[in-house]
Amino acid sequence: MSEENKNSSRRDFLQKLGVTGLGAIAASSALLSGCSSEKSEETKKVKLLTQDNKLVEVDSSQLSPVLSDEDKAYLQKKGREGLPGKKFVMVVDLQKCKNARKCMTACQNAHQLHPEQHHINVLEMRNETSGTSYYMPKTCQHCDNPPCVSVCPVDATFKRQDGIVLIDNERCIGCRFCIAACPYSARTFNWREPKDAEIHKNEAYDIELNVPQKKGTVTKCAFSADRLRDGKLPYCVSACPNGVYYFGDANEDLVTNGTTKKTVRLSELLKDNAAFTLMQELGTKPSVYYLPPRT
Amino acid sequence: MIIENQKSISTIENDLLSSVNWSRNFKLWMGLLIVSLIVCLYFYFLQLRDGLSVTGLGDFVSWGLYISNFVFFVAASLIGMLITSVMGLLNIKWITPIARIAEILAIGFAMVAGLIIITDMGRPDRLHHVFMFGRVQSPIVWDIAIVITYVAISLMLYYIPLIPDIALCNKKLIGLSKFQRRIYKVLSFGWADKPEQFELIHKFSKILMVLIIPIAISIHTVTSWLFAMTLRAGWDSSIFGPYFVAGAFVAGCAAIIIAMYVFRTAFNLKDYITDMHFDKMGQLFVLVSLVYVYFNINEIIVPAYKLREGEATHLMSMLTGHNSFMFWLVQIGGLLIPFILLLFNKMRKPLPIMLISIVVLVAAWFKRYLIVVPIQEHPYMPIQNVPEKFMHYSPTTAEIAITVASFILFLIIVSFLAKLFPVIPVWEVKNELGHKNNS
């Protein structure tokens with residue numbers, strides 16, 4: 001998984017390098033042609049793949065490096081809108097969790113987090129009377145009535161049409177009102193310089209992956225919105241070795257187990273196992289369901 | 001009634017204008033303040049450079065000293081409204097010589113409160129986002145709007161009754177620098193002591209006095225809503241608005257009594273701010289403390305009776321746990337005992353009441369800390385897999401220094417205003433005297 005991530009960033013890098021290189025060639029050839037004669041305008045044509053997978057031919061003199069502002073605007077727009085017609089849900093089977101913590105590692109790698117920063121945190125829930133305990137992975141609950149979104153003064157954190165609550169760390173002013181308002185303690189803050197900040201300094205901000213992280217801003221679980229766009233399961237879900245997580249679309253009423261890849265009906269899974277949501281009495285309407293632990 | 005021994009108008013003018021100068025002592029005092037401010041601001045520079053990691057804050061207690069201090073400053077600023085407006089509209093005469101002091105405090109506290117909230121931001125460089133992308137749903141936006149409004153109206157309420165005195169300063173004071181004279185000239189707006197001008201002042205002051213009451217109540221109610229609008233056990237309380245406003249008057253009364261004592265001593269105003277004023281302020285203090293005690297009982301006994309899960313952990317930590325020492329010290333030492341003491345005449349003499357006020361003001365500050373911090377140490381979800389530092393909050397040197405900076409800045413504003421203009425409304429005191437002589 002992290003291997004794949006590396007690959008894709010390498011691919012990104014190569015793409016950018018290529019475009020920049022072409023840009024440089026174009027610029028120098030333009031210079032050269034300017035020197036020799038004005039008529040040799042028709043230079044080489046270059047084949048390029050557009051963002052919606054169309055092969056196009058462009059005059060090489062027309063090439064210029066990709067503007068990072070445009071990149072940003074594009075990433076922002078798609079990140080804020082979300083995937084139409086979807087309503088993402090997660091089901092966590094507490095019986096299966098053995099505290100392997102692969103989900104936590106996968107998440108922290110993907111989102112460039114320090115070890116103390118958790119978008120997903122496996123908590124040991126102790127029962128004081130019986131002396132027993134069980135493990136409970138806790139992500140952002142992606143509430144349908146999200147208290148964090150209500151209190152945000154600048155619309156940095158927002159709810160998308162597909163039910164995901166995201167944070168825009170280019171908008172966030174770091175007031176931490178959302179941290180105070182979240183009853184699930186789901187949010188974490190970049191108190192210091194983010195992990196590997198130097199390395200990721202020049203990357204364009206991807207609102208769905210929420211990287212690169214920025215000092216002085218809030219960060220949170222994004223339900224791996226970037227992976228969902230590609231039709232893949234979230235990082236944590238596919239990293240789990242124990243079949244704890246189901247993930248899917250409530251509109252389709254189907255969820256897929258990240259380990260077994262078995263797809264089941266959401267409503268049946270919830271009904272048959274007496275699923276519950278965390279602190280239902282608060283009225284936050286979470287999108288994360290829990291199947292009760294064995295006690 | 002105001003002035004015990006009869007004084008002529010020119011003596012009053014001389015007495016009250018004598019403080020308007022840049023004496024050696026004042027320059028020393030300002031120098032000291034500015035040097036300490038610069039030292040403290042060095043820590044803010046560190047915070048800007050290294051982020052909020054220089055504070056003791058963590059993902060669980062993410063609001064600490066700064067927000068507690070902000071609540072305290074907003075609270076104390078409400079005194080301006082209580083004295084000038086409420087008492088003024090009730091036509092209570094003895095407040096005349098202290099009304100301007102109340103306004104100076106209100107301006108100082110409210111202005112600095114606005115800055116404190118910026119020190120708490122992770123990204124102060126994005127402050128403009130609040131104006132560009134502000135959302136009306138967010139209590140922070142309400143708070144910013146109302147703090148700005150309150151500062152603006154307080155400034156007007158300070159400035160408008162000051163106009164005749166600025167003109168007087170320009171007329172009577174000798175040896176002013178050219179620059180200062182120009183300031184007086186511009187700010188006095190061609191004041192000529194005409195009856196219709198006085199009428200205008202009365203009219204405008206009255207409008208502002210009415211306006212500022214809902215705004216002052218809103219400013220602190222909205223501040224309380226920063227907490228009450230969340231789902232956290234302990235903050236999720238419907239009496240937070242009035243509870244905060246009542247507490248604000250206690251802190252404000254303590255602040256103004258201290259200020260009265262300081263100005264009376266430093267500016268030699270014993271004939272104007274008399275024992276009677278301290279006595280009356282003491283009585284007002286008793287009244288507001290009583291209201292606050294009542295709200296405290298409500299705020300604690302109601303949830304403590306039920307001990308609902310979530311609230312129970314927080315309450316027990318306050319009543320018997322690791323916050324209990326501070327809690328009981330604040331409630332008993334900082335509220336109950338002062339309240340009982342002030343019931344006695346002797347305790348309302350200037351020196352004792354000033355000392356009591358210092359205790360109350362310090363306790364009021366810690367009370368804000370107790371409202372803001374301990375609740376965050378007990379979230380609904382267990383705190384696990386995080387460094388020890390996140391479990392309990394203890395402020396760092398940087399945080400303390402930046403908080404001290406806010407007090408220094410407050411003192412700078414108050415001292416500067418108190419020396420630039422007379423702290424006691426000269427024309428109003430003269431008027432009072434005129435009435436007395438006529439009757």
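Taken together, the values in this text are just the output of simple stated rules run on the coordinates, not laboratory data. Bear in mind the structure is a predicted one, so any value in this text is a computation, not a measurement. Backbone-built Cβ (ideal geometry, glycine too); neighbour counts: all protein chains shown.
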For this session: Determine which residues of segment A:163-183 fall in the zone a paramagnetic label at residue A:200 would reach in this model, i.e. backbone nitrogen under 20 Å from the point 7 Å along Cα→Cβ.
Result: A:165-176, A:179
For this session: Please state, to two decimals, what the Cα-based radius of gyration of segment B:266-377 comes to when divided by 2.2 N^0.38 Å (N = residues).
Result: 1.29
Seminar exercise, completed: Residues meeting the amide H criterion for residue A:114 (H placed from the backbone, H to H distance under 5 Å, 5 or more places apart or on another chain) are A:195
Problem set entry | DSSP H segments from chain B that extend 15 Å or more along their own axis, Cα-based, with Kyte-Doolittle mean of -1.0 or above | B:24-50, B:65-77, B:96-119, B:139-159, B:195-228, B:240-266, B:275-306, B:350-376, B:397-420
Seminar exercise, completed: Expressed in nanometres to one decimal, the distance between label points 7 Å along Cα→Cβ at residue A:133 and residue B:206 is 7.0
Problem set entry | Shielding by partners, peptide A:190-202 (average Cβ within 10 angstrom, other chains) | 2
Problem set entry | Long-range HN-HN contacts of residue A:248 with modeled amide H, under 5 Å | A:89, A:256
For this session: Compute the Rg to Rh ratio over chain B from the alpha carbon atoms, using the Kirkwood formula for Rh, and round to two decimal places.
Result: 0.99
Exercise. Considering only DSSP states other than H, G, I, E and B, which trypsin sites (Lys or Arg not before Pro) in segment A:188-229 qualify as loop sites with at most 14 other Cβ atoms within 10 Å?
Worked result: A:201
Seminar exercise, completed: With -39,500 (n - 2.57) per DSSP H segment of 4 or more residues and division by the full residue count of chain B, the 222 nm estimate, nearest 500 deg cm²/dmol, is -22500 deg cm²/dmol
Exercise. Can you give the three extents of the C-alpha atoms in the protein assembly as shown along their principal axes, from longest to shortest, in whole Å?
Worked result: 96, 87, 41
Exercise. To the nearest 0.05, what FRET efficiency results for residue B:238 and residue B:145 with a Förster distance of 22 Å applied to their C-beta separation?
Worked result: 0.45
Exercise. What nm value, rounded to one decimal, do you get for the distance between residue B:290 and residue B:329 when each label is placed 7 Å out toward the C-beta?
Worked result: 3.0
Exercise. Can you put B:23, A:287 in order, fewest other beta carbons within 10 Å first?
Worked result: B:23, A:287
Problem set entry | Label point 7 Å beyond Cα of residue B:173 along Cβ direction - residues of segment B:384-424 with amide nitrogen under 20 Å | B:411-424
Problem set entry | Two-site FRET efficiency, residue A:95 against residue A:46, from Cβ-Cβ distance with R₀ of 41 Å, rounded to 0.05 | 0.15
Exercise. Between the DSSP loop rule and a limit of at most 13 other Cβ atoms within 10 Å, which trypsin sites (Lys or Arg not before Pro) in segment B:267-369 are left?
Worked result: B:270, B:308
Problem set entry | GNM top mover of B:300, B:256, B:212 - chain B, alpha-carbon springs below 10 Å | B:300
Exercise. Quick one: if you stick a label point 7 Å off each Cα along the C-beta vector at residue B:92 and residue B:316, how many nm between them?
Worked result: 4.4
Exercise. Do any trypsin sites (Lys or Arg not before Pro) in segment A:45-118 lie in a loop, going by DSSP, with at most 14 other beta-carbon atoms within 10 Å of their beta carbon, and if so which?
Worked result: A:54, A:98
Exercise. When chain B is modelled as a GNM with alpha-carbon springs shorter than 10 Å, which of B:286, B:360, B:423 fluctuates the most?
Worked result: B:286
Exercise. What residues qualify as long-range amide H neighbours of residue A:46, i.e. H under 5 Å apart, gap of 5 or more or another chain, H built at 1.01 Å from N?
Worked result: A:58, A:59, A:60
Exercise. For residue B:132 and residue B:346, what does the FRET efficiency come to when R0 = 60 Å and r is the distance between their Cβ atoms, rounded to the nearest 0.05?
Worked result: 0.55
Problem set entry | Cross-link table A:96/A:214; A:138/B:389; A:98/B:306; B:93/B:367, entries beyond 26 Å C-alpha to C-alpha | A:96/A:214; A:98/B:306; B:93/B:367
Exercise. Which ³J(HN,Hα) values, rounded to whole Hz and listed in residue order, are derived for segment A:77-89 from phi using the Karplus coefficients 6.51, -1.76 and 1.60 in 6.51 cos²θ - 1.76 cosθ + 1.60 with θ = phi - 60°, glycine and proline given as x?
Worked result: 5, 5, x, 7, 7, x, 8, x, x, 9, 9, 6, 9
